[in-house]
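Written below as structure tokens is the structure these notes are about.
Every number in this text was worked out from the coordinates using simple rules, so none of it is lab data. Values in this document were obtained by computation on a predicted structure and should not be read as measured data.
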């Protein structure tokens, strides 16, 4: 699974953090280890900003999540945020329900969701949807979930960010595109039905 270069969880030694930051390379993004939704995130464009931004981010993460731990990740400066909707059943079957674009954001919070992502070629769509399906198949994922990726606009490469193991508010966009009631499908899957039975779709095709 392609992932963005990053550090481990940061310690308290700023000299050691500076070495790790230089190894990954600027610009960087500070991210909270125990949180999400953009809280504790800080862009860091050079070594002169490092300590201030880390302390700022830690304070915000501590206030939001009760834990200030964070790590540094290579910042993709021209990125698109693309996520793949997944359904998995108790019989080992995984379907993807295509992708959603969620690049329009304010303060790292999604504002607009659209599907399909209008900038993807059919080959790129097949690639990202298969990556989402593949990671969920590997862990034997069940019910609804979303696999999130960043797409580097300069290289067209996809990088895995995270899996949200739940129904997200934006699932309704995918329901409009596919005609599948994701909440109903998840309930039926939890009762032991196959995805085919839960969705009325005989296969991924």
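Some points to look at:
- Computed over the stretch 79-199, the P(r) curve from all C-alpha pair distances, binned at 10 Å from the origin, holds 14, 48, 31, 7, 0 percent per bin.
- q = 0.11 Å⁻¹: log10 I(q)/I(0) that the Debye formula gives for the chain, counting C-alpha atoms only: -0.57
- Taken over the Cα atoms of the stretch 71-111, the convex hull encloses 135 Å³ per residue.
- For the stretch 1-115, the Stokes-Einstein estimate of translational diffusion at 4 °C and a viscosity of 1.567 mPa s comes to 82 µm²/s, using the Kirkwood hydrodynamic radius over alpha-carbon pairs.
- Shape summary of the stretch 14-74, radius of gyration then Dmax from alpha carbon positions: 10.7, 29 Å.
- The angle between the Cα long axis of helix 14-24 and the longest principal axis of the Cα atoms of the chain comes to about 50 degrees, rounded to the nearest 10.
- Crossing angle, helix 122-138 versus the chain [Cα axis fit, 0-90 degrees, rounded to tens]: 90 degrees
- Helix 50-65 axis, angle to the chain major axis (alpha carbon atoms, nearest 10°): 50 degrees
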